[in-house]
């Protein structure tokens, strides 16, 4: 799992024809810290099938606005440059696996 380092990097990632999960988070956000171990585990488990990346909303407030991120953590599930699903808040690992499996099959 990588952390997005620039808006351009995210734009280029969005152009790829791959399954992507973006984790919009902040280091100072307690729910984000609760969810992070699950996201890291899923990044390992789905490596090669889903490109899982993190976006720090404090570092890139423009991206937060562009993607309509109101609350964090927010996970966006993207396929062929389109957001096909979204998850807000701390979510159970099983629910995230279901979303990732649907994303791969889409």
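The values are calculated or read from the model by the stated rules, or taken from the named source; none is laboratory data. Given the structure is predicted, the values throughout are model-derived calculations rather than measurements. In this analysis, Cβ positions are derived from the backbone assuming ideal geometry, glycine residues included, and neighbour counts consider all displayed protein chains.
For the stretch 53-85, the candidate set comprises residues that are over 16 Å from residue 26 (Cβ atoms) and surrounded by 14 or more Cβ atoms within 10 Å (Cβ to Cβ); within that set, the residue that is nearest to the chain's Cα centre (by Cα) is 77. Considering the stretch 1-31, and only residues there that are assigned to a helix (DSSP H, G or I) and touching a helix residue (DSSP H, G or I) at 6+ places or on another chain (Cβ under 9 Å), the residue that is surrounded by the most Cβ atoms within 10 Å (Cβ to Cβ) turns out to be 10. Within the stretch 38-60, one or more residues are over 15 Å from residue 99 (Cα atoms), in a helix (DSSP H, G or I), at pLDDT 95 or above and out of contact with any helix residue (DSSP H, G or I) (no Cβ under 9 Å at 6 or more places or on another chain).
Quick check, is residue 34 in a helix (DSSP H, G or I), at pLDDT 95 or above and touching a strand residue (DSSP E or B) at 6+ places or on another chain (Cβ under 7 Å)?
On the way: in a helix (DSSP H, G or I): yes; at pLDDT 95 or above: yes; touching a strand residue (DSSP E or B) at 6+ places or on another chain (Cβ under 7 Å): no.
Taking the combined requirement at face value, the residue does not satisfy it.
Checked against (1) more than 16 Å from residue 1 (Cβ to Cβ); (2) free of Cβ contacts under 8 Å to residues at least 60 places away in the same chain, residue 15 passes all but condition (2).
Scanning the stretch 52-101 for residues that are closer than 16 Å to residue 2 by Cα, without any contact (Cβ under 8 Å) to a residue 40 or more places away in the chain and touching a strand residue (DSSP E or B) at 6+ places or on another chain (Cβ under 6 Å) yields one hit, 57.
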